[in-house]
Amino acid sequence: MDYASKKVNGALRSGSVEATVVHRRRIDEEGRNVVQPTVAVRVKGISVGQLTGPESGSPGSILQIAEMDPSNPYPEVLLSTFTGGAHCCNAIKVLTSDSTGESWKQVSLGPFDGGPSSAEDPLRNGRFLIVDVDNRFLYRFGCYACSTAPARIWQLQGQSFVDVTHKPEFVPLHRRNLQRMASWFKQKDTGSPNGFLAGYVASKALVGELFDGWDRMTQRYDPSSDWGLRECKGDVDERGKCLGREVVYHSFPEALRAFLLETGYINPTNNAVPPAIPATTL
């Protein structure tokens with residue numbers, strides 16, 4: 001930290017791509033000490049673009065040069081920044097070139113729960129991906145600490161991110177996650193189980209074992225919990241009132257089935273996990 005200039009400087013280089021980051025500090029209108037990262041990107045000494053993160057009370061950010069899309073001639077520049085707040089958020093911005101290497105564009109992804117994170121190469125094939133958890137599971141059927149989410153994987157293709165979570169090459173990654181989840185079933189007191197079981201069943205679906213996971217869920221879920229049994233199909237006002245159609249499910253398995261269909265973990269053409277009772281629409 002350079003307190004005289006109130007900047008944190010740093011630079012990365014990979015081949016002809018250079019990225020320089022400056023974290024600018026200021027006291028904002030609310031009296032907070034905030035920091036904002038700005039990244040200047042040059043190729044062969046020529047400026048090709050800039051990435052700017054959000055202002056935050058936390059100075060944490062990650063700058064990375066990584067090969068995320070081999071269809072263009074240069075690696076990508078990634079800026080991951082913590083936006084501040086409870087459990088939130090990791091905002092990711094990537095600067096990538098077109099197939100000619102002459103035109104560069106910013107692509108954004110997130111926000112995701114948690115702090116800054118770098119791109120990963122889970123297959124060790126030289127192509128870096130965004131590996132996170134499926135944030136749609138957090139708070140869906142239980143409190144934040146009670147919730148477990150399957151992995152969600154994003155691949156940069158051209159100038160957009162594509163969800164590749166369900167591709168068969170990532171099954172080993174999902175199996176490793178299931179191995180970490182296995183200890184939960186050895187606990188005598190699992191507290192509020194439904195938030196965990198939702199993520200567990202989804203992870204089992206990702207490795208082709210949906211029905212095995214479903215059977216274990218039906219043996220361990222809490223039928224007394226009503227968390228996640230009401231769903232608003234529309235906007236919610238500032239008081240939490242549903243402004244659209246509200247659906248009420250009669251059981252956790254019924255609500256979970258609908259959620260997994262909606263999020264793509266159950267294939268609608270193979271609709272073999274029926275709800276016990278039809279949901280009620282209000």
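The values are calculated or read from the model by the stated rules, or taken from the named source; none is laboratory data. Note that the coordinates shown come from a computational prediction; the quantities given were computed from them, not determined experimentally. Positions of Cβ are generated from backbone atoms using ideal geometry, with glycine treated the same way; all protein chains shown enter the neighbour counts. We work out accessible area using only protein heavy atoms, side chains counted, and drop any ligands, DNA or RNA first. Shrake-Rupley method; radii C 1.70, N 1.55, O 1.52, S 1.80 Å.
I'd like to check something: does the range 114-126 contain any residue that is in contact with a His (Cβ under 8 Å, 6 or more places away or on another chain), part of a loop (DSSP other than H, G, I, E, B) and on the phi > 0 side of the Ramachandran plot? Can you show your working first?
Our first condition is that a residue be in contact with a His (Cβ under 8 Å, 6 or more places away or on another chain); within the range 114-126, this holds for 114.
Those left that are additionally part of a loop (DSSP other than H, G, I, E, B): 114.
Subsequent filtering for residues that are on the phi > 0 side of the Ramachandran plot retains 114.
The answer is yes, given that some residue of the range 114-126 is in contact with a His (Cβ under 8 Å, 6 or more places away or on another chain), part of a loop (DSSP other than H, G, I, E, B) and on the phi > 0 side of the Ramachandran plot.
Please work out if Phe211 is at pLDDT 90 or above and open to solvent by 20 Å² or more (accessible area, probe 1.4 Å).
On the way: at pLDDT 90 or above: yes; open to solvent by 20 Å² or more (accessible area, probe 1.4 Å): yes.
It is true that Phe211 is at pLDDT 90 or above and open to solvent by 20 Å² or more (accessible area, probe 1.4 Å).
The residues in the range 27-64 that are in contact (Cβ under 8 Å) with a residue 24 or more places away in the chain, within 27 Å of Cys88 (Cβ to Cβ), surrounded by fewer than 16 Cβ atoms within 10 Å (Cβ to Cβ) and more than 24 Å from the chain's Cα centre (by Cα) can be counted, and the count is 3. When Lys167, Lys188 are screened for being free of Cβ contacts under 8 Å to residues at least 40 places away in the same chain and either in contact with a strand residue (DSSP E or B) (Cβ under 9 Å, 6 or more places away or on another chain) or under 19 Å from Ala258 (Cα atoms) (or both), only Lys167 passes.
Scanning the range 215-241 for residues that are among the hydrophobic types (A, V, I, L, M, F, W, C) and open to solvent by 30 Å² or more (accessible area, probe 1.4 Å) yields Trp227, Cys232, Val236.
Within the range 154-170, the set of residues being open to solvent by 70 Å² or more (accessible area, probe 1.4 Å) and in a loop (DSSP other than H, G, I, E, B) comprises Gln159, His166, Lys167.
For the criterion of being without any contact (Cβ under 8 Å) to a residue 12 or more places away in the chain, hydrophobic (A, V, I, L, M, F, W, C) and assigned to a loop (DSSP other than H, G, I, E, B), Ala149 fails. Among the residues of the range 130-148, not a single one is farther than 26 Å from Leu197 by Cα and of a type outside the set (Lys, Arg).
Of the conditions (1) open to solvent by less than 20 Å² (accessible area, probe 1.4 Å); (2) among the polar types (S, T, N, Q); (3) part of a strand (DSSP E or B), Ser108 fails just one. Which one is it? Ser108 satisfies all of (1) open to solvent by less than 20 Å² (accessible area, probe 1.4 Å); (2) among the polar types (S, T, N, Q); (3) part of a strand (DSSP E or B) except (1). Which one is surrounded by the most Cβ atoms within 10 Å (Cβ to Cβ), of the residues in the range 242-264 that are of a type in the set (Val, Ile, Thr) and touching a strand residue (DSSP E or B) at 6+ places or on another chain (Cβ under 9 Å)? The qualifying residue surrounded by the most Cβ atoms within 10 Å (Cβ to Cβ) is Val247.
Of the residues screened, Asp113 is not one that is at pLDDT 95 or above and not hydrophobic (A, V, I, L, M, F, W, C).
The requirement of being assigned to a strand (DSSP E or B), within 20 Å of Gly15 (Cβ to Cβ) and of a type in the set (S, T, N, Q) is fulfilled somewhere in the range 61-75, by at least one residue. Within the range 184-204, the set of residues being modelled with pLDDT under 95 and either buried (at least 16 other Cβ atoms within 10 Å of the Cβ) or of a type in the set (S, T, N, Q) (or both) comprises Gln187, Thr190, Ser192.
Screening Tyr139 against (1) of a type in the set (Phe, Trp, Tyr); (2) surrounded by 21 or more Cβ atoms within 10 Å (Cβ to Cβ); (3) within 17 Å of Ala202 (Cβ to Cβ) leaves a single unmet condition, (2).
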